[in-house]
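Written out below as structure tokens is the structure these notes cover.
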Amino acid sequence: MNRKRTLQLMATVSVAGAIVAAMTVTFSPSASAGTTLGTSAAEKGRYFGAAVAAGKLGDSTYTTVLNREFNSVVAENEMKWASTEPQRNSFNYSSADRIVNHATSRGMLVRGHTLLWHAQQPTWAQNLSGSDLRSAAINHVTRVATYYRGKIHSWDVVNEAFADGGGGGRRDSNLQRTGNDWIEAAFRAADAADPGARLCYNDYNTDGVNAKSTGIYNMVRDFKSRGVPIDCVGFQSHLGGSVPGDYQANLQRFADLGVDVQITELDVAQGSNQANVYGTVTRACMAVSRCTGITTWGVRDCDSWRGGENPLLFDCSGNKKAAYTNVLNALNAGPGITPPPTNPTTGPTSGPTTGPTSSPPDPTTPPVGGSGCTATVSLNSWTGGFVASVRVTAGSGGTNGWTVSVALPSGASVTNTWSASASGTTGTVRFTNVSYNGRLTPGQVTEFGFQGNGSGSGMTPTCTAS
């Protein structure tokens with residue numbers, strides 16, 4: 001987890017070289033520092049973002065405000081399960097890609113929302129249960145996070161899994177009924193798929209210290225104590241005319257667990273106190289050193305899901321409201337976060353269209369061996385299943401193609417494969433390259449993965465080059 005702590009905030013942009021260059025300009029003190037939400041937040045080592053709908057990117061008023069004011073975006077609906085996997089194992093990223101490409105071409109960060117949620121599931125997933133649903137859910141997490149590997153700053157891995165009310169327990173859902181470890185399994189799969197992204201849990205009605213936020217606090221504390229890869233907690237903060245008196249203290253108690261906190265879906269009902277509420281929330285975030293950024297749920301009032309409540313910082317014509325001034329003043333007055341001097345992670349500058357592309361050898365990779373190829377495997381396991389990530393390294397002669405053989409333990413079977421073709425599902429399974437990752441230069445590395453039922457413990461892959 002320490003490797004990801006160094007991704008803190010604006011230093012994180014170095015996960016993609018193209019973003020680095022753009023953000024270097026954005027964060028420069030000469031770039032209208034402190035006069036827009038994004039530049040002011042960036043000066044303090046934070047981001048200020050907005051939820052974006054792909055269909056509105058053709059609206060010039062909308063994009064003028066978005067491009068000028070924000071240095072981070074999150075998709076409103078385009079990355080949810082129903083949108084990205086409308087049919088089982090048939091993925092569609094076109095709308096999400098439109099948002100991601102808009103952001104990265106302008107040096108903005110991208111938050112991913114959301115990998116698993118009880119709502120907005122595709123119909124086929126709603127009709128699953130038990131181990132079949134668990135397998136499909138983990139496959140979804142793995143495939144989507146792998147596709148966007150290196151392009152997402154923070155993923156809302158799981159969204160709204162805790163119930164409202166006084167109990168502080170889990171929400172009953174088809175996902176919860178697959179077993180209480182489903183959230184942990186999702187975080188482990190996301191970590192395997194994109195180890196450079198910040199992995200967040202996100203929920204609403206958690207703005208103060210209450211039974212629901214305490215239930216989440218206890219889960220995060222447990223995850224941290226057992227090494228489950230969780231990096232941040234998102235607080236949606238859909239607010240009315242006031243802010244809980246313990247709002248900042250609530251953020252701080254989560255930060256004290258060793259996770260970042262983020263305001264992820266901020267909007268405030270219009271009224272006489274709207275500007276003050278926005279200012280209070282911004283000051284609270286700035287006062288917590290691990291509060292890494294704020295996102296409003298929409299750009300203008302007429303883009304909001306809250307109908308006639310006019311809850312955002314800009315009116316429908318794109319004019320700044322009084323709340324905007326309070327937020328900007330709070331950002332400019334707040335303390336900064338000192339980013340770490342380097343970021344050790346690397347990632348592709350653009351997402352693959354058909355699967356992960358081959359990557360240059362990692363500087364920590366052992367020296368190239370013989371003329372063939374080698375393969376290593378890493379596992380993320382849960383009761384009854386696992387995800388295996390296999391790393392193929394070309395030898396001194398390179399490869400025109402490769403085959404990796406894996407002897408599965410007794411009772412284990414392969415249920416899904418990506419970035420390779422599998423021959424068989426049980427016993428010794430042979431995985432061969434696909435069109436885009438077979439030709440490797442000496443020392444070059446590519447990865448593929450597969451999901452299985454049963455236990456994957458003790459697998460030792462062998463690689464043959466052609």
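Out of the residues in region 89-103 that are surrounded by fewer than 20 Cβ atoms within 10 Å (Cβ to Cβ) and small (Gly, Ala, Ser), which is farthest from residue 296 (Cα to Cα)? If we take residues in region 89-103 being surrounded by fewer than 20 Cβ atoms within 10 Å (Cβ to Cβ) and small (Gly, Ala, Ser), then 90 is farthest from residue 296 (Cα to Cα).
The residues on offer are 100, 73, and the sole one that is touching a Leu at 6+ places or on another chain (Cβ under 8 Å) and either assigned to a helix (DSSP H, G or I) or modelled with pLDDT of 95 or more (or both) is 73.
Residues in region 239-249 include at least one that is part of a strand (DSSP E or B), in contact with a strand residue (DSSP E or B) (Cβ under 8 Å, 6 or more places away or on another chain), open to solvent by less than 50 Å² (accessible area, probe 1.4 Å) and under 19 Å from residue 51 (Cα atoms). Using the structure shown, decide if residue 279 is open to solvent by 10 Å² or more (accessible area, probe 1.4 Å), among the small types (Gly, Ala, Ser) and over 26 Å from residue 199 (Cα atoms). So residue 279 fails the test.
With respect to the conditions (1) modelled with pLDDT of 95 or more; (2) closer than 30 Å to residue 419 by Cα, residue 18 falls short on a single one, namely (1).
Taking first residues from region 209-229 that are under 16 Å from residue 168 (Cβ atoms) and touching a residue at least 40 places away in the same chain (Cβ under 8 Å) and partners that are open to solvent by 10 Å² or more (accessible area, probe 1.4 Å) and of a type in the set (S, T, N, Q), the Cβ contacts under 6 Å between residues at least 6 apart in sequence or on separate chains come to 212/205.
Residue pairs whose Cβ atoms lie under 9 Å apart, separated by 6 or more positions or on different chains, with the first residue in region 283-298 and farther than 22 Å from residue 314 by Cβ and the second among the acidic types (Asp, Glu) and assigned to a strand (DSSP E or B), are 290/260; 291/260; 292/260. For region 282-303, a residue qualifies if it is under 13 Å from residue 239 (Cβ atoms) and either surrounded by fewer than 24 Cβ atoms within 10 Å (Cβ to Cβ) or over 23 Å from the mean Cα position of the chain (by Cα) (or both), and the qualifying residues are 284, 297. Kindly indicate the residue of region 407-421 that is of a type in the set (Gly, Ala, Ser) and surrounded by 17 or more Cβ atoms within 10 Å (Cβ to Cβ) and also modelled with the highest pLDDT among those meeting that condition. Applying the filter and picking the extreme gives 412. In the set 428, 446, 464, only one residue is under 21 Å from residue 144 (Cβ atoms) and either surrounded by 19 or more Cβ atoms within 10 Å (Cβ to Cβ) or modelled with pLDDT of 85 or more (or both); that residue is 446. Residue count for region 126-138 satisfying the condition of being in a helix (DSSP H, G or I), touching a residue at least 40 places away in the same chain (Cβ under 8 Å) and surrounded by fewer than 22 Cβ atoms within 10 Å (Cβ to Cβ): 5. Taking region 104-120 as the range and being open to solvent by less than 10 Å² (accessible area, probe 1.4 Å) and in contact with a helix residue (DSSP H, G or I) (Cβ under 6 Å, 6 or more places away or on another chain) as the test, the residues that pass are 107, 110, 115, 116.
Among the conditions (1) open to solvent by less than 10 Å² (accessible area, probe 1.4 Å); (2) of a type in the set (A, V, I, L, M, F, W, C); (3) closer than 21 Å to residue 136 by Cβ, the only one that residue 404 does not satisfy is (3). Residues that are touching a residue at least 12 places away in the same chain (Cβ under 8 Å) and among the acidic types (Asp, Glu) were ranked within region 158-201; the one that is least open to solvent (accessible area, probe 1.4 Å) is 194. Per the listing 356, 367, 340, the residue uniquely out of contact with any Pro (no Cβ under 7 Å at 6 or more places or on another chain), farther than 28 Å from residue 197 by Cβ, modelled with pLDDT under 90 and not acidic (Asp, Glu) is 367. With respect to residue 460, is the statement that it is more than 25 Å from residue 137 (Cα to Cα) and not in a strand (DSSP E or B) true? Taking the combined requirement at face value, the residue satisfies it.
The values are calculated or read from the model by the stated rules, or taken from the named source; none is laboratory data. Given the structure is predicted, the values throughout are model-derived calculations rather than measurements. Cβ: placed from backbone, ideal geometry, glycine included. Neighbour counts: every protein chain shown. Only protein heavy atoms, including side chains, enter the accessible area calculation; ligands, DNA and RNA are left aside. Shrake-Rupley method; radii C 1.70, N 1.55, O 1.52, S 1.80 Å.
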